[in-house]
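Below you'll find the structure, written out as structure tokens, and then a few comments.
The values are calculated or read from the model by the stated rules, or taken from the named source; none is laboratory data. Not measured: the values here are computed from a predicted model. Cβ atoms come from the backbone with ideal geometry, glycine included; neighbour counts cover every protein chain shown. Note: accessible area is taken over every heavy atom of the protein model, side chains too, but ligands, DNA and RNA are not part of it. Shrake-Rupley method; radii C 1.70, N 1.55, O 1.52, S 1.80 Å.
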Amino acid sequence: MLVKNEIPILEYDDAKDAVINPDHEKLNVKFPERAVFAFLGDVTDTYCREHHAEVIAYFESITKYYPLYLLKENGEEYCMIQAPVGAAAASQIMDWLIAYGVKKIISTGSCGVLCDLKENTFLVPYKALRDEGTSYHYLPPSRFVDISSDARNAIESVLNAHNLPYSEVITWSTDGFFRETREKVAYRKSEGCQTVEMECAALAACSEMRNCLFGMILYTADTLADCENYDERGWGNDSKEAALRLSIESVLQL
């Protein structure tokens, strides 16, 4: 049923089927139930090549083909795919994964920090503020969306096993990378947000609507803690390989 609103982004239709569904290609394949969805650029593909992963499908977009890799560890199969930046693009691939059999997803990527957090610190979001557009197509309007406690527990079990310090955080998901204004940053901090990124809320909403487990490992990159002295730092690049390994171990815990 479509609930109408004067503001289009606040309109929500709870119909499960759409005109174009995520399995519209009707591929003759079933994906493993576990997937790593990594915002790590070429690190993802490099890892899969080095581990002789099999390409079992491609997500075809206008700009790029994204290979989906099949891997096995300790007798357990899982798949892995590079995630594109931005809520809309990322959710499109997540929905496709779920349509072909994925039920448990661990994602990872960098985040900006709004408070005094060192670079290359691992964080586990438990709630995301919905300041992007995609999540409103998957869940009714609300200010926040929660992240699965089962997925968080799996991630935290792995972090603890490696003696890695971490914190659970509220993250601010936004479409406007260049519209993180001083006043808005201050407002988000007052709401309890400690990090900012572009996808978590949308991925959490998509997974909830599709009855899929989703969790995310963030690692800290640039800092907006002092808006008068913005610092890119090293973009968290030293954490990429570790973040991928942690994601693999976490998804195998689910």
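Per-residue packing, averaged as other Cβ atoms within 10 Å, sorts the ranges 186-199, 97-110, 48-61 into the order 97-110, 186-199, 48-61, beginning with the highest. Heavy-atom accessible surface of the chain, averaged per residue, reaches 49 Å², computed with a 1.4 Å probe. Relative contact order, whole percent, for segment 73-213 stands at 39, derived from Cα pairs under 8 Å and 6 or more residues apart. Computed extension length for residue 43-residue 4: 9.8 nm, one decimal, from 0.36 nm per residue of separation with the Cα-Cα distance subtracted. Computed from the Kirkwood radius of its Cα pairs, the Stokes-Einstein diffusion coefficient for segment 166-243 at 37 °C and 0.692 mPa s stands at 235 µm²/s. For segment 133-192, the alpha carbon positions stretch 38, 28, 19 Å along the principal axes, listed from largest to smallest.
Around the Cα centre of the chain, unit charges on the Cβ atoms of Lys, Arg, Asp and Glu (plus for the first two, minus for the last two) sum to a dipole of about 340 debye. Just read off the accessible area of residue 119 with the full protein assembly in place, 1.4 Å probe, to the nearest 10 Å². Rounded to the nearest 10, that gives 50 Å². Note that segment 1-99, at 20 °C in a medium of 1.002 mPa s, gets a Stokes-Einstein diffusion coefficient of 140 µm²/s from its Kirkwood radius over C-alpha pairs.
Full extension of the chain between residue 233 and residue 73 gives 54.1 nm of extra length, using 0.36 nm per residue less the Cα-Cα distance. The base-10 log of I(q)/I(0) for segment 46-174, evaluated at q = 0.09, 0.21 Å⁻¹, reads -0.32, -1.50 [Debye formula, identical scatterers on Cα atoms, solvent excluded]. Here the sum of -39500 (n - 2.57) over DSSP H runs of 4 or more residues, divided by the residues of the chain, equals -8000 deg cm²/dmol at 222 nm, to the nearest 500. Tell me the carbon and sulfur percent of the accessible area for segment 66-215, rounded to whole percent, probe radius 1.4 Å. Percent of accessible area from carbon and sulfur atoms in segment 66-215: 47.
In this view, the solvent-accessible surface of residue 17, computed with a 1.4 Å probe and all protein chains in place, comes to about 120 Å². Evaluated at 10 °C with a viscosity of 1.306 mPa s, what Stokes-Einstein diffusion coefficient in µm²/s does the chain have when Rh comes from the Kirkwood expression over alpha-carbon pairs? Estimated diffusion coefficient is 86 µm²/s. For the peptides 147-153, 18-24, the ranking by mean Cβ contacts within 10 Å, running from highest to lowest, is 147-153, 18-24.
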